[in-house]
Amino acid sequence: MVDMEAGKTVIVALKSSTSAECREALQWAINFFVKAGVDQVILAHIVKIPDLIPTPKGPMPLAWAEDQCQADYIQEEGRKAAIFLEEYQAVCKQQSVKASITIRCGTDREPVMLEIVEEVGATHLVMGTGGRTGFSFRKKGLTARVAKKARCSVFLVNSRGELLTSQFYDGKRGVAGSGAKRGLGKDMPGQSAAFLPPIIPPSTVSHDSRPSTPANESPRSVVSSSALSVSSKPGPFPQGSPSQPVMLQSRTGTPDSVTATEAWVNRQGQRVPGSVPEHSEYVEGETMGREEDVRGSDELADVLRKLQLSEAATARLQAQQANYERQLREVEASLAKEAAEKERQEKELIKRRKPQSQCRVYSFRELEAATDDFSPAKLLGEGGFGKVYLGRLEHRSAAIKVLNPEGLQGPDEFQREVEILSGLRHPHIVMLMGCCPERGCLVYEYCANGSLEDRLARRDHSASLDYMSRIRIAFEVAIALRAMHTSRPMIIHKDLKPSNILLDQHLTAKLGDVGMARVAPELATTVLSRAAQGSSGNLQTLMFDTRPQGTLLYMDPEYLQQGTFNQKSDVYAFGICLLQLLTNRPPQQIVGAVEDALNQGRVMALVDRTAGSWPEEVATKVAKLGLRCATMLRRDRADLAKEVLPELEAVCTAALEAASREASRGLYGAVNGGEDALSSVSS
């Protein structure tokens, strides 16, 4: 029979302080077979190393981290484990049970737990499990794997303190049995270890309650199950000799009774019994050198393993980069194809249009005669697109634009402007009177007061625009944009700015220079455009352009970033123009300046004083409307028809009322001009 009074070594595997099954497993072991003052309890916890550990450079595999980072991480995890294991240790101390703590780290808990069992010579292993009614050793979980391989008796306890099953060690492998059927449940007060069934067969019990080695076990089993010491002396054998012996001493037993057996195992794995040969004094030096080679080989293997992991990670990153580049090329090719198809459909739509009136085609000789052979005295202005001359055709003044063949406005822009303006008639859009295709000339109606940019800059000592005229001009430009956006097909200007807003002799605003304008396809479901829901609920046609064109400071930010544009792109440029009408400042950083002024309640410090005494209410409304039009995100911009036009009309009314109040006090004498402006807006 097994001496059950002999001291046992019991390992209780613990996961965390919050695990109910672990607490019950420890209490079950103390209640049923741990004898206070005799048996030793080892509280074991294994810290599982994750795939990635935190480092100053970010999460990375443990093998890639620096040695200090590895040590710091393992030390910190061990400190956390020791804190909750001390709580379990206190429980054992309260019940007069001696308990020690063992903490290990590893990427796989199974071999580490088996190693602890072997090192401490455990006779019993108690583990908690999440099951409630039964347990199968055919499972692939950690508990089942350890229970099948542990060289000791294993007991599995659930969260209710009930023994689900047990496996007793017979010197070879565990044999599953149901401890619950043997009466080892939670409801057994007073039971002790003396009533347990035999843990180890009597024929295999040694003095320290560990099994002796069966006769048919291999020398490798002997080495793994006992505490071994290697003793060798230098000898005459050359390095690498296949017959060179190595002595192994196997020691078993208690400290009071130790027996030793000597055996020699040569390099071929043959066990040679007997005493040490005479030449053994020559073996020690070579054996030590061989141990140093093994340590060096281990370090080299570790370096190679880290290198392989790094190469594998590099290969994965390269594959991902190649995949991203391939997808980018596919997207670029698809966008280029869509843009070309869009251009083709746009031209077909323009060709299908039947304008109410076609512009007249002039010969170059007629234009020379109208401008006195393009005399410098007739030059009105010039820019990157070419030069504009004042001429007289058919008894009326005309502005004749001569395009520069190498300028910004090329043949495509020339043809587009002719096709758009020849079929578009509106009182606030400059009228195209004719063209000269042979030399790339365009003939417009003449606007005597030049551009809005000139009037704001007061070129040629012109008079400053009063604030009533500025509000009216903004309203007229908004009306012109709405006409272009609602035409069929829809037209988007894309280059709205003060230099493209012309003023006739009555300071009536006329929108010109539509060379950059684009005609939207009629079908919003084509691959060239898609419908996007606007903030005000109406559908906005979104189009794509592979080469963004326009004036940078007036261009829609989303158009610059993504190449997409729609009606809201013109609204953005209109917002910048509206803020310039209010402040007479350049477009650079004008949005930020007005925002700061509104937030600080000093909007009147920014208004253009040359425009007269702006009513603060009017200036504030204009500033807020301009900012709503010039927001960064397209979806947040005001709708032209439903928000901008009604609010501008309300601003005109408020300005007229303020002017009337001032006139009644004798401070403002332009009431009639204001009434004329309002009547113009209302019409």
Determine if segment 27-44 includes at least one residue that is of a type in the set (Val, Ile, Thr), part of a strand (DSSP E or B) and closer than 30 Å to Gln95 by Cβ.
yes
Being part of a loop (DSSP other than H, G, I, E, B) and touching an Asp or Glu at 6+ places or on another chain (Cβ under 8 Å) is the requirement here; does Thr55 meet it?
yes
Flag if Asp373 is modelled with pLDDT of 90 or more and farther than 20 Å from Gly450 by Cβ
yes
Within segment 132-142, restricting attention to residues that are surrounded by 15 or more Cβ atoms within 10 Å (Cβ to Cβ) and within 18 Å of Ser19 (Cβ to Cβ), which residue is modelled with the lowest pLDDT?
Phe135
Considering only strands (runs of 3 or more DSSP E) fully contained in segment 376-447, which possess at least 3 residues that are in contact (Cβ under 8 Å) with a residue 12 or more places away in the chain and buried (at least 16 other Cβ atoms within 10 Å of the Cβ)?
386-393, 396-403, 432-436, 441-445
Single unsatisfied condition, His426 versus (1) assigned by TED's automatic domain parsing to the domain that holds Glu348; (2) touching a strand residue (DSSP E or B) at 6+ places or on another chain (Cβ under 6 Å); (3) of a type outside the set (Ser, Thr, Tyr); (4) at pLDDT 90 or above
(2)
Out of segment 150-172, which residues are modelled with pLDDT under 85 and farther than 17 Å from Ala29 by Cα?
Tyr169, Asp170, Gly171, Lys172
Charged (D, E, K, R) and surrounded by fewer than 16 Cβ atoms within 10 Å (Cβ to Cβ): does that describe Arg79?
yes
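Residue-wise test of (1) surrounded by fewer than 14 Cβ atoms within 10 Å (Cβ to Cβ); (2) modelled with pLDDT of 85 or more; (3) within 44 Å of the chain's Cα centre (by Cα).
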residue	(1), (2), (3)
Val112	no, yes, yes
Glu119	yes, yes, no
Ala122	no, yes, no
Leu125	no, yes, no
Gly130	yes, no, yes
It is to be established whether one or more residues within segment 565-577 are over 17 Å from His493 (Cβ atoms) and part of a helix (DSSP H, G or I).
no
Within segment 511-525, does at least one residue satisfy the condition of being in a helix (DSSP H, G or I) and either touching a strand residue (DSSP E or B) at 6+ places or on another chain (Cβ under 8 Å) or at pLDDT below 60 (or both)?
no
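Per-residue answers, yes or no, for (1) under 26 Å from Leu300 (Cα atoms); (2) modelled with pLDDT of 85 or more; (3) touching a strand residue (DSSP E or B) at 6+ places or on another chain (Cβ under 6 Å):
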{"site": "Ile30", "(1), (2), (3)": "no, yes, no"}
{"site": "Ala36", "(1), (2), (3)": "no, no, no"}
{"site": "Leu43", "(1), (2), (3)": "no, yes, yes"}
{"site": "Gln75", "(1), (2), (3)": "yes, yes, no"}
{"site": "Glu86", "(1), (2), (3)": "no, yes, no"}
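The values are calculated or read from the model by the stated rules, or taken from the named source; none is laboratory data. Just so you know, these numbers come straight off a predicted model, no measurement behind them. Because the Cβ atoms are built from the backbone with ideal geometry, glycine has one as well, and the counts that use them run over all protein chains shown.
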